[in-house]
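Structure first, then comments.
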Amino acid sequence: MGRPALFAAALAGSGLAAPGPAAGEGDPARGETLFRPCAACHMIGPGAVNRIGPHLNGILDRPIASVEGFAYSDAMSEAGAGGRAWDDTALDNFLAAPRNYVPGTAMVFRGVHDAGDRADLVAYMDAAGTPDAAPAADAAPSPEVAAILALDGDAAYGAYLSSECTACHAAGGSDIPAIDGLPPELFAAALVAYRDRSRDHQVMNTVTARLGDEEIAALTAHFASAD
Amino acid sequence: MGVSRRVFLGTAAAALAAPMVVRAQNRPRVVVVGGGAGGATAARYIANDSQGGIDVTLVEPSRAYYTCFFSNLYLGGFREFDSLGHGYGGLATGGINVVHDWATGIDRDAKTVALAGGGSLPYDRLVLSPGIDFVEDSVPGWSLASQNAMPHAYKAGSQTELLRAQIEAMPEGGVFAMVAPPNPYRCPPGPYERVSMVAHYLREHNPSATILIADPKESYSKQGLFEDGWQTHYAGMIQRIGPDFGGGNVEVDPAAMTLTIDGQVENVDVCNVIPAQRAGGIVHAAALNDGDWAPVSAYDLSSREDPEIHILGDSAAQGAMPKSGFAANSQAKVAANAIVAALADGRAFPPRFSNTCWSLIDTDDGVKVGATYEASDEGIVSVDSFVSQIGESAEVRAETYRESLGWYDAITADMFG
Ligand SMILES: Cc1cc2nc3c(=O)[nH]c(=O)nc-3n(C[C@H](O)[C@H](O)[C@H](O)COP(=O)(O)OP(=O)(O)OC[C@H]3O[C@@H](n4cnc5c(N)ncnc54)[C@H](O)[C@@H]3O)c2cc1C
């Protein structure tokens with residue numbers, strides 16, 4: 001479908017289009033605040049591990065789609081073919097409009113409109129995620145998520161509850177992310193994050209507002225047994 | 001943005017759906033009348049959840065269902081017409097007997113459904129999801145006989161294509177008029193999304209044209225969002241005449257192409273008449289209505305007149321849910337769970353419903369309104385709700401539009417397989 005070509009064109013063109021300011025010009029303190037929505041999916045800093053997105057330690061100059069153990073989309077893997085790395089400009093363009101820059105990316109994020117905000121973000125990531133902040137071997141879920149995972153989820157109830165989800169989430173969906181392939185820890189953690197509104201989204205906040213721990217456990221059991 | 005990337009094999013797939021009314025004697029029988037948003041979902045979920053334990057027959061006259069949802073986007077040029085069509089091949093493959101015929105009557109004592117093509121289908125439970133019909137004489141001067149001169153395009157298909165052709169043929173600086181319906185009607189934001197899409201088309205192709213809306217309602221769904229959007233994108237193009245200024249007192253003359261609002265005659269080039277609505281005719285034929293609509297229990301969508309008949313979607317008077325495709329799909333799942341529990345020993349779970357309606361105002365300017373619902377003795381009641389805000393960033397609006405694309409793909413797959 002011409003995705004790699006599109007990406008190459010975007011990379012080539014980015015040198016001509018007005019590039020965002022380099023990381024050196026950004027304000028890392030502002031960037032930390034701006035990183036909050038990213039933290040719903042990404043960890044950065046000491047002990048960072050892969051969550052819904054890969055950890056972002058050492059992201060500046062890190063080869064695209066190179067974190068071991070993270071299942072990147074085909075689109076992102078193709079974008080990283082040949083060892084191409086994230087430089088200031090590529091990060092700036094990606095964060096401005098993720099799905100225009102890497103069509104088909106699994107990162108569900110609308111993008112950061114303001115060029116100054118993007119520079120601040122890149123400066124923060126550069127400062128916070130030094131490469132020596134090595135990822136820990138395993139991610140421990142939060143106590144709340146661990147308690148849900150410890151419940152014996154009722155998969156049949158989960159199947160019934162999932163009929164609400166299939167109105168929007170389809171297998172292979174990209175405009176709304178597919179959820180049937182998510183690992184149970186990430187699936188439950190995402191629902192908890194929407195429920196306590198640490199992750200903001202009008203629809204998902206409303207959907208999860210009436211899910212108790214038992215419902216989340218049931219849904220997790222259903223989606224885990226579905227694949 | 002790519003409009004043609006979602007193409008459905010509507011008509012081709014329908015050819016596979018050769019009706020075969022083969023019945024195993026011992027399996028309980030469910031007949032579903034109407035293969036739209038509610039009926040198709042109910043048929044699929046009953047067949048799947050009973051794992052073949054229930055014999056499901058779907059009665060639907062059309063070979064392909066054209067969705068009303070997203071039909072406004074076709075008017076605006078954001079969708080191909082073919083992308084709105086869905087065949088019944090997926091349902092037939094899923095083990096459902098698809099009978100392309102009209103149901104003409106229901107014998108509630110004998111528990112049979114009569115078909116226009118002759119013969120009748122026996123049932124243990126009956127599901128009706130026949131959508132809407134129009135209330136005769138609700139717009140003086142208009143009748144179904146004038147739907148070619150003044151299309152409603154409120155049942156999708158050829159009516160939608162006709163309306164689009166008429167908009168394309170408007171003279172420079174012409175007038176597009178809409179007679180908006182009184183409450184309740186299918187898709188509360190539908191007429192106003194349509195106005196937005198027509199305005200989008202006209203701004204590109206016929207910028208001096210204008211839009212005139214005669215509206216009997218004081219206020220309408222997402223009004224603030226639409227009016228803010230019209231101001232931003234289509235300033236000076238759209239005029240809405242509400243009930244205070246006679247918007248509810250209209251008359252049309254399809255031969256002369258005039259619309260009379262509160263005694264004042266307007267010459268118009270296109271007149272989209274959306275009449276008052278009521279439950280599909282079969283509901284009235286079976287005397288399951290109370291007035292225009294069919295009262296149902298919120299717990300399982302069973303008729304208040306007959307507990308072995310479940311009525312879904314637009315036809316049902318169920319309480320707080322809007323008449324939408326999303327709502328019909330949601331109600332169908334609750335009814336299916338109750339039916340499988342009653343006939344095939346399935347587990348019964350508490351009823352829960354949800355709805356979200358997206359509307360597109362202009363390119364990448366999407367808005368949404370949604371809610372979750374539960375059952376009560378009085379009807380379906382809202383638990384929690386949300387709505388897009390005025391002044392949201394362009395990114396949020398573009399994201400909302402993309403969500404609606406994801407929703408369309410997911411929900412049509414959920415309905416038709
Ligand atoms: C312009 C417009 C835009 C819309 N946009 C949206 C939207 O964005 N989101 C949303 O959720 N909803 C939207 N809707 C509303 C949605 O289309 C309806 O609410 C939904 O289709 C209702 O489902 P239903 O099953 O009740 O009826 P329908 O989907 O209309 O299905 C009824 C079916 O029954 C068949 N039938 C009728 N009588 C008989 C009979 N006697 N025998 C056999 N078959 C019969 C018909 O042929 C039809 O196929 C929109 C509607 C319009 C008009």
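The values are calculated or read from the model by the stated rules, or taken from the named source; none is laboratory data. All of these numbers come straight from a predicted model, not from anything done at the bench. For neighbour counting, all protein chains shown are included, and Cβ atoms are generated from backbone atoms with ideal geometry for every residue, glycine included. Note: accessible area is taken over every heavy atom of the protein model, side chains too, but ligands, DNA and RNA are not part of it. Shrake-Rupley method; radii C 1.70, N 1.55, O 1.52, S 1.80 Å.
Considering each residue of the range B:123-143 in turn, none proves to be open to solvent by less than 40 Å² (accessible area, probe 1.4 Å) and modelled with pLDDT under 95. Selection over the range B:48-77 of residues that are buried (at least 24 other Cβ atoms within 10 Å of the Cβ), more than 11 Å from the ligand (Cβ to nearest atom) and within 11 Å of B:Leu91 (Cα to Cα) gives a count of 1. Annotation note: of B:Pro295, B:Pro322, the sole residue that is assigned to a strand (DSSP E or B) and within 16 Å of the ligand (Cβ to nearest atom) is B:Pro295.
Restricting the range B:343-359 to residues that are at the interface with chain A (Cβ under 8 Å from one of its Cβ atoms) and touching a strand residue (DSSP E or B) at 6+ places or on another chain (Cβ under 9 Å), the residue that is most open to solvent (accessible area, probe 1.4 Å) is B:Arg352. In the range B:89-103, is there at least one residue being within 11 Å of the ligand (Cβ to nearest atom), acidic (Asp, Glu), more than 14 Å from chain A (Cβ to nearest Cβ) and under 30 Å from B:Ala341 (Cβ atoms)? Checking the range B:89-103: at least one residue is within 11 Å of the ligand (Cβ to nearest atom), acidic (Asp, Glu), more than 14 Å from chain A (Cβ to nearest Cβ) and under 30 Å from B:Ala341 (Cβ atoms). Among the residues that make up the range A:156-163, is at least one of them open to solvent by 50 Å² or more (accessible area, probe 1.4 Å) and outside any loop (DSSP other than H, G, I, E, B)? Looking for residues that are open to solvent by 50 Å² or more (accessible area, probe 1.4 Å) and outside any loop (DSSP other than H, G, I, E, B), one finds none in the range A:156-163, hence no. For the criterion of being near the ligand (Cβ under 10 Å from one of its atoms) and open to solvent by 10 Å² or more (accessible area, probe 1.4 Å), B:Phe81 fails. Examine the range B:150-163 for a residue that is open to solvent by 30 Å² or more (accessible area, probe 1.4 Å) and away from the ligand (no atom under 16 Å from the Cβ), and state whether such a residue exists. No, the range B:150-163 has no match at all. Scanning the range B:372-406 for residues that are open to solvent by 10 Å² or more (accessible area, probe 1.4 Å), under 24 Å from B:Gly319 (Cα atoms) and under 20 Å from the mean Cα position of the chain (by Cα) turns up just one, B:Tyr373.
Condition first: at positive phi and in contact (Cβ under 8 Å) with a residue 12 or more places away in the chain. Can you find one or more residues in the range B:274-287 that meet it? Yes. Of the set (1) touching a Gly at 6+ places or on another chain (Cβ under 6 Å); (2) free of Cβ contacts under 8 Å to residues at least 40 places away in the same chain; (3) closer than 25 Å to B:Asp364 by Cα, all apply to A:His42 but (3).
Inspect the range B:190-208 for any residue being within 16 Å of the ligand (Cβ to nearest atom), in contact with a strand residue (DSSP E or B) (Cβ under 7 Å, 6 or more places away or on another chain) and outside any helix (DSSP H, G or I) and give the result as yes or no. No: the range B:190-208 contains no residue that is within 16 Å of the ligand (Cβ to nearest atom), in contact with a strand residue (DSSP E or B) (Cβ under 7 Å, 6 or more places away or on another chain) and outside any helix (DSSP H, G or I). Being near the ligand (Cβ under 9 Å from one of its atoms) and either among the acidic types (Asp, Glu) or closer than 30 Å to B:Asn26 by Cβ (or both) is a property that does not hold for B:Pro122. Considering the range A:199-227, the residues that are of a type in the set (Ser, Thr, Tyr) and within 14 Å of chain B (Cβ to nearest Cβ) include one that is surrounded by the most Cβ atoms within 10 Å (Cβ to Cβ), namely A:Thr208.
The condition of being assigned to a loop (DSSP other than H, G, I, E, B) and open to solvent by 50 Å² or more (accessible area, probe 1.4 Å) holds for only one of A:Asp180, A:Asp126, that being A:Asp180.
Only one entry in B:Ala371, B:Ala338 is touching a residue at least 12 places away in the same chain (Cβ under 8 Å) and either of a type in the set (Lys, Arg) or more than 9 Å from every other protein chain (Cβ to nearest Cβ) (or both), namely B:Ala338. Quickly run through the range B:374-402 and pick out the residues that are of a type in the set (Lys, Arg) and facing chain A (nearest Cβ under 9 Å). Result: B:Arg402, single match. Being at pLDDT 90 or above and in contact with a strand residue (DSSP E or B) (Cβ under 6 Å, 6 or more places away or on another chain) holds for only one residue in A:Asp88, A:Asp27, A:Asp61, A:Asp74, and it is A:Asp61.
Taking the numbered list (1) within 11 Å of chain A (Cβ to nearest Cβ); (2) among the hydrophobic types (A, V, I, L, M, F, W, C); (3) farther than 29 Å from A:Ala115 by Cα in turn, B:Leu405 passes all entries but (3). For the range B:303-317: of the residues being open to solvent by 10 Å² or more (accessible area, probe 1.4 Å) and not basic (Lys, Arg), which is nearest to the ligand (Cβ to nearest atom)? Among them, the one singled out is B:Asp314.
In the set (1) part of a loop (DSSP other than H, G, I, E, B); (2) open to solvent by less than 10 Å² (accessible area, probe 1.4 Å); (3) not assigned by TED's automatic domain parsing to the domain that holds B:Gly173, the condition left unmet by B:Gly247 is number (3).
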